[in-house]
Amino acid sequence: AALLTLTRKRGAATYAQTLQNIPETQVTTLENGLRVASEESNQPTCTVGLWIKAGSRYEDAKTNGAGFFVEHVALKGTKKRPGSAFEKEVESLGAHLNGYTSREQTAFYIKALSKDMPKVVELLSDLVQNCALEDSQIEKERGVILQELKEMDSNLADVTFDYLHATAYQGTALAHTVEGTTENIKHLTRADLASYIDTHFKAPRMVLAAAGGISHRELVDAAKQHFTGMPITSKEGSVPALARCRFTGSEIRARDDALPLAHIALAVEGPGWADPDNVVLNVANAIIGRYDRTFGGGKNQSSRLAALAVEHNLCHSFEPFNTSYSDTGLFGFHFVSDPLSVDDMMFCAQGEWMRLCTSATESEVTRAKNYLRNAMVAQLDGTTRVCENIGSHLLHYGRRIPLEEWDARISAVDSRMVRDVCSKYIYDKCPAIAAVGPIEQLLDYNRIRSAMYWVRL
């Protein structure tokens, strides 16, 4: 027993030791502007990926969906490796290829054995520089995407968030969905996709990130070999600066009494990525907590809103969110409830917001900070999460922020900061609302707006 205890103590690392022992993120910028960043570790595998400043925010009404379409087609072959040859070469390495598109970034990444890193870099280079865009493949993927759009319509949570963006940023590029409209997908041409690639897939807009058992010097050498000839600008010149997407307090209601549950999302304008207020708002969201009927704990959960939800059967689930973009964001909550519980759940959720603005306590702030620290350290779990963290940070902040710095920012938050920052963004602000399903009980917008402040006598 004594030996087992000794072994356990020797193998355990404290939280502070974990933060201090994280390998340094090394960054090198090539002459063409491509940033190469990596975190080395003693892993037998590595994840290498390209994070690109491109997404639905860079599209207009006619080309919305082009980035999502390009992502689909790019993974299906290149000029050098046509058809399924690209996928087969990835599979021959025993590797895993994936990609995604969001409103402000696009990513392609491969998880493979560390010894195959040079080959992975070459494959990623081929993918973004020599996309085949074969007519037959475009038509095939067009059908796949249209089918995906039909399936997405059945995911009411995603539909609600798309509606939330559409009303909060109406008339701007952030109102677009990532996937585009069915009409656009039907009519986007090869020339549209080629123009999108020529405009956005340029070295200064990219980060080549890697994590795992790799050498930064070897990664840079591979990048120089395969990315040096990549153009800096498109044929039309540099991409114009992003237009300001102004937040609008408004609502979208899609009532359908045939659906069993109502999906409601309410948000105020939040800060952009680089704003330090984000840390405080994340602490506030950790105080609110999240809940699902499948969770254990019941009335004994530390979240006051979760305890109310259990005690009064207010909802099936709820979750706060803080979605950031370059210059703006959405701070709010989403819940799913029975038709006759919508009003009660909205009342309790807005009451929790008011409580954060006026009477957040030090004990719950301490609990929330510990929750955030746990979530932060969980980012170390696996090379893919670390790689994505590196790529996203360099696009959003221009550097990778060390976990020690994040920890210091979290530690500096106290209850007064939570009350002040929440008041700044929430108190007496006009919210954006999106509601889908049997929402007859959802109060008029002006009634919901009036619950964004307290009348104190």
Next item on the list: Would you calculate the separation in nanometres between label points at K299 and Q379, each defined as 7 Å from the Cα along the Cα-to-beta-carbon direction?
Entry: 3.9
Note to self: If each residue of separation counts as 0.36 nm, what is the full-extension length gain between Y397 and Q441 once their alpha-carbon separation is subtracted?
What the structure shows: 11.6 nm
Notebook entry, point to check: Between the helical axis of 156-168 and the dominant principal axis of the chain, each derived from Cα atoms, what acute angle in degrees is found, rounded to the nearest 10?
Noted result: 90
Notebook entry, point to check: Per residue, what volume in Å³ does the Cα convex hull of the stretch 326-457 take up?
Noted result: 162
Check: Just going by the charge dipole of the stretch 15-105, with Lys and Arg at +1 and Asp and Glu at -1 on Cβ, which of G77, V36, S102 is farthest out on the positive end?
Finding: G77
Note to self: Output the 0 to 90 degree angle, nearest 10, between the alpha-carbon long axis of helix 415-425 and the longest principal axis computed from the alpha carbons of the chain.
What the structure shows: 80
Item checked: Cα-Cα P(r), the stretch 30-76, percent of pairs per 5 Å interval -> 4, 14, 18, 16, 16, 17, 9, 4, 2, 0
Next item on the list: Only Cα pairs under 8 Å and at least 6 apart count here; give the relative contact order of the chain as a rounded whole percent.
Entry: 21
Checklist line | Label point 7 Å beyond Cα of R246 along Cβ direction - residues of the stretch 313-354 with amide nitrogen under 17 Å | finding: 327-329
Next item on the list: Pull up the cross-link candidates among the lysines for K140, meaning alpha carbon to alpha carbon under 22 Å and not fewer than 8 places away within one chain.
Entry: K62, K76, K79, K80, K88, K150, K186
Notebook entry, point to check: Against the longest alpha carbon principal axis of the chain, how many degrees, from 0 to 90 and to the nearest 10, is the axis of helix 383-397 turned?
Noted result: 80
Note to self: Over the stretch 251-451, what is the relative contact order in percent, taking alpha-carbon pairs closer than 8 angstrom and at least six residues apart?
What the structure shows: 38
Check: Put a dot 7 Å past each Cα toward the Cβ at A258 and D428; how far apart are the dots in nm?
Finding: 4.6
Margin query: Around A432, under 13 Å between beta carbons, what's the net of Lys plus Arg minus Asp minus Glu among the other residues?
Written below: +1
Checklist line | Among 331-338, 317-324, the order from most to least packed when residues are scored by Cβ within 10 Å on average | finding: 331-338, 317-324
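At 1.4 Å probe size, with the rest of the protein present, what percent of the exposed accessible area of the stretch 251-451 is carbon and sulfur atoms?
Here it works out to 49 percent.
Order these peptides, 435-447, 204-216, 31-43, by their mean beta-carbon neighbour count within 10 angstrom, highest first.
204-216, 31-43, 435-447
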Next item on the list: Find the Rg to Rh ratio for the chain, where Rh is the Kirkwood radius over alpha-carbon pairs and Rg uses the same atoms.
Entry: 0.99
Next item on the list: Compute the semi-axes of the equivalent ellipsoid of the stretch 76-145, taking the square root of 5 times each eigenvalue of the Cα gyration tensor, and list them largest first in whole Å.
Entry: 21, 15, 11
Check: Semi-axes, largest first, in whole Å: what does sqrt of 5 times each Cα gyration tensor eigenvalue give for the stretch 25-228?
Finding: 30, 19, 16
Next item on the list: May I ask you to compute the full-extension gain from K62 to I232, defined as 0.36 nm times their residue separation minus their alpha-carbon distance, rounded to one decimal in nm?
Entry: 58.6 nm
Note to self: With a 1.4 Å probe and all protein chains left in place, how much accessible area per residue does the chain have, in Å²?
What the structure shows: 46
Notebook entry, point to check: Hey, what's the per residue convex hull volume over the C-alpha atoms of the stretch 179-296, in cubic angstrom?
Noted result: 279
Item checked: Extension gain (nm, one decimal) between D338 and K115, 0.36 nm per residue minus Cα-Cα -> 74.9 nm
Checklist line | Pairwise label distance in nanometres, T323 with D292, each label 7 Å out on the Cα-Cβ vector | finding: 1.9
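Run the accessible area of the stretch 108-243 with a 1.4 Å probe and give the carbon-and-sulfur part as a rounded percent. Before the final figure, lay out each step's value.
Working: 3130 of 5990 Å².
After summing per-atom areas, the C and S share lands at 52 percent.
The values are calculated or read from the model by the stated rules, or taken from the named source; none is laboratory data. Since we're looking at a predicted model, the values are computed, not measured. Note that each Cβ is placed from the backbone with ideal geometry, even for glycine, and that neighbours are counted across all protein chains shown. Accessible surface areas use protein heavy atoms only, side chains included; no ligands, DNA or RNA. Shrake-Rupley method; radii C 1.70, N 1.55, O 1.52, S 1.80 Å.
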